[in-house]
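S.K.: Below you will find the structure I want to go over with you.
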Amino acid sequence: MPTIRPDRLLADLRHLRSIGAQGAGVVRPAFSAKDMEARRWLADRFADAGLEASIDGVGNVLGRSRNPGRAILLGSHSDTQPTGGWLDGALGVIYALEVARALAEDGATADLPVDVVSFQDEESRFLGCLGSRSLVGALTPDLEQGAADKDGVPLADAIRQAGLAGVPRARLARERYAGFIEAHIEQGPTLEDTGRRIGVVTGIVGLRGIRFTFRGQQNHAGTTMMRTRRDAAAALYELAHRINTAFPEAAAERTVWTMGRVRVEPNATSIVPGYAELDLQFRDASEAPLDRFEAIVADIVADMNARGGVRIEAAAARAPVAPTTMDAGLRRHLEAAAEKHVPGQWMRLPSGAFHDAGIVSAALPAAMLFIPSIGGISHDFGEDSRDDDIVLGCRVLADAVAAAAREAH
Ligand code: HGY
Ligand code: MN
Ligand code: MN
């Protein structure tokens, strides 16, 4: 079986961490200077590994094997959240590179084609999983038009400023691939809490987002009597409270919802706010609870608008991500490799985070492998995993990929 090189794996992970490093974390938003610097470095590393390296028109970094035959695609994303951890996405990209190198260096697997990818904007600076959507042909014009980041920077401007305007966009040749495998940190506490070292993902959550806007009347905080106010922020707080009261009844066991972005204008102590925004995001492994949540929200908004005063509008805040099930055949290879390396110390589990594998699974059989996150922390500078877990995860992936690639070849 192929032998990964832990020193090389960790050195590349740490080099990638250094690009955009802020304390223990990393700030490398999609299309930023640091993001593109990291992508150019990855392209060089892919080329050093003997792959045909390219960066496409939305910033996906691709490394294509020169070996003939049906390939396995490996990878994840190298862009980060605004307060990004050093392993979210980066782990899967560097694992993919290391596994491609290890198979190429082993006579028994050197003929197997393994391609490597770092997708762009998985973290939704513009829209979730932009790069993987583009690769599988799901980045439709209506999704792309009008896409802008939270500061109003249009996607088209970011692409141009990154030097990618007019660069051809790669499109997945489905017939080339037997499947896609993404390794990722768990970003949750389950593996650590249960003493497992490897997770094999059964399914990936679906996700929807709604942005509410509240239009009232800005006024003086002292002279405007309560009965005459049209307080946009008060309406926001009422809606948030009613959501938090109604949702638990309609939720399934692992349904989650988050209201992590709020805007109140003019955001001044002595002024009754005239305008406000609230972003709601909700996730579940099946569509039914998500549908129920949308119906509840529509009823609450209609009830509040019927009262008058503040006008509430609700609009989709992002491209929805559908729940997906991971491929049983690829999962079997991951499970067999996990059992070989850490018998009984692995588990099957769902992913509460969404991932590029969820998008790619519409076009290819897809599977995911998790390693533990220390304290279950992620999307935070404190995100971390133990070196021995990082090395073990790559060893398990290498064996699983060698078996899957041999089967496909
Ligand atoms: O939000 C997510 O699930 C992913 O980590 N971007
Ligand atoms: Mn991620
Ligand atoms: Mn993330």
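The values are calculated or read from the model by the stated rules, or taken from the named source; none is laboratory data. Treat the numbers as computed from the prediction; the structure is a model and nothing was measured. Every residue, glycine as well, gets a Cβ built from its backbone with ideal geometry; the counts of neighbours run over all protein chains shown. We work out accessible area using only protein heavy atoms, side chains counted, and drop any ligands, DNA or RNA first. Shrake-Rupley method; radii C 1.70, N 1.55, O 1.52, S 1.80 Å.
S.K.: Could you tell me which residue out of Ala233, Ile210, Ile300 lies farthest along the dipole of segment 207-316 toward its positive end? Charges go on the beta carbon: Lys and Arg +1, Asp and Glu -1, centred on the Cα centre.
M.R.: Of the listed residues, the answer is Ala233.
S.K.: Near the amide H of Gly179, under 5 Å away, which other amide H atoms are found, from residues 5 or more places off or on another chain, if H is placed in the peptide plane?
M.R.: Leu73
S.K.: Considering only Ala338, Gly20, Leu143, whose Cα is most displaced toward the positive end of the charge dipole of the chain, charges sitting on Cβ of Lys, Arg (+1) and Asp, Glu (-1)?
M.R.: Going by the Cα projections, it comes out as Leu143.
S.K.: Taking the Cα centre as origin and putting +1 on Lys and Arg beta-carbons and -1 on Asp and Glu beta-carbons, what dipole magnitude results for segment 95-190, to the nearest 20 debye?
M.R.: Dipole size: approximately 360 debye.
S.K.: Using the Kirkwood radius over Cα pairs, work out the Stokes-Einstein diffusion coefficient for segment 207-316 at 4 °C and 1.567 mPa s, in µm²/s as a whole number. Show your work: numbers first, answer last.
M.R.: Details: Rh = 14.6 Å.
The calculation lands on 89 µm²/s.
S.K.: Only helical DSSP H runs with n ≥ 4 go in: add -39500 (n - 2.57) per run for the chain, normalise by residue count and round the 222 nm mean residue ellipticity to 500 deg cm²/dmol.
M.R.: Numbers: 12 runs with 147 residues, N = 409.
Counting only the DSSP helices, I get -11000 deg cm²/dmol.
S.K.: If you don't mind, there's one more thing I want to ask. Give the distance, in whole Å, between the Cα centre of segment 87-144 and the Cα centre of segment 27-64.
M.R.: One Cα centre to the other: 10 Å.
S.K.: With every protein chain left in place, what is the accessible area per residue of segment 68-115 in square angstrom, probe 1.4 Å?
M.R.: Details: 1000 Å² over 48 residues.
For segment 68-115, the solvent-accessible area averages 21 Å² per residue.
S.K.: Let me ask something else about it. Tell me the net charge near Val114. Cut-off is 14 Å between Cβ atoms, Val114 excluded, with +1 for each Lys or Arg and -1 for each Asp or Glu. Don't jump to the answer; show the numbers that get you there.
M.R.: Values: positive: Arg64, Arg66, Arg70, Arg101, Arg176, Arg406; negative: Glu52, Glu98, Glu105, Asp106, Asp111, Asp115, Glu182, Asp399, Glu407.
Overall, the nearby charge balance is -3.
S.K.: What number, in percent, do you get for the relative contact order of segment 207-316 if the mean sequence gap of Cα pairs under 8 Å and at least 6 apart is divided by its residue count? Before the final figure, lay out the partial values.
M.R.: Values: 195 pairs, mean separation 48.8, N = 110.
Here the relative contact order equals 44 percent.
S.K.: Let me ask something else about it. Net charge near Ser361: determine it from the other residues with C-beta under 11 Å of the C-beta of Ser361, scoring Lys and Arg +1 and Asp and Glu -1. Numbers along the way, then the final one.
M.R.: Details: positive: none; negative: Glu182, Asp327, Asp356.
The answer is -3.
S.K.: Relative to the Cα centre, what is the charge dipole magnitude of the chain, using +1 at the beta carbon of each Lys and Arg, -1 at the beta carbon of each Asp and Glu, and rounding to the nearest 20 debye?
M.R.: On the way: 45 positive and 54 negative charges, 120 e Å.
The calculated dipole for the chain is roughly 580 debye.
S.K.: On average, how much accessible surface per residue is there in segment 207-316, in Å², for a 1.4 Å probe, leaving out ligands, DNA and RNA?
M.R.: Numbers: 6000 Å² over 110 residues.
Per-residue value: 55 Å².
S.K.: Another one. Would you mind giving the average projected area, over all directions, of the Cα convex hull of the chain in nm² with one decimal? Mind dumping the intermediate values first?
M.R.: Values: hull surface 81.8 nm².
So the mean shadow area of the Cα hull is 20.5 nm².
S.K.: Report the net charge of residues surrounding Gly188, where surrounding means a beta-carbon distance below 13 angstrom and charges are Lys +1, Arg +1, Asp -1, Glu -1.
M.R.: Net local charge, Gly188 excluded: -3.
S.K.: A follow-up question, please. List the DSSP H helices in the chain whose Cα atoms stretch 24 Å or more along the helix axis and whose mean Kyte-Doolittle hydropathy is at least -0.5. The partial results should precede the final answer.
M.R.: Numbers: long enough: 232-250 (27 Å, 0.30); 287-307 (31 Å, 0.16); 387-408 (31 Å, 0.59).
Membrane-span-like by this criterion, though nothing is claimed about a membrane: 232-250, 287-307, 387-408.
S.K.: Of the options Ala100, Trp41, Thr245, report the single residue whose Cα projects farthest towards the positive end of the charge dipole of the chain (beta-carbon charges: Lys, Arg +1; Asp, Glu -1).
M.R.: Positive-end residue among those listed: Thr245.
S.K.: Here is a follow-up. Based on the Cβ-Cβ distance from Ala165 to Glu265, what FRET efficiency comes out when R0 is 51 Å, to the nearest 0.05? Please report the intermediate quantities before stating the final value.
M.R.: Numbers: r = 34 Å, r/R0 = 0.66.
So, using R0 = 51 Å, E works out to roughly 0.90.
S.K.: Given 0.36 nm per residue, what is the gain on full extension from His341 to Thr194 after removing their alpha carbon distance, in nm?
M.R.: On the way: separation 147, 0.36 × 147 = 52.92 nm, distance 1.75 nm.
In short, 51.2 nm is gained.
S.K.: What FRET efficiency comes out for Ala110 versus Ala328 if R0 is 35 angstrom and r is the Cβ-Cβ distance? Round to the nearest 0.05.
M.R.: 0.80
S.K.: Please give, to one decimal in nm, the separation of the simple spin-label points placed at Asp299 and Ala221, each 7 Å out from Cα toward the Cβ.
M.R.: Using points 7 Å along Cα→Cβ, the separation is 3.6 nm.
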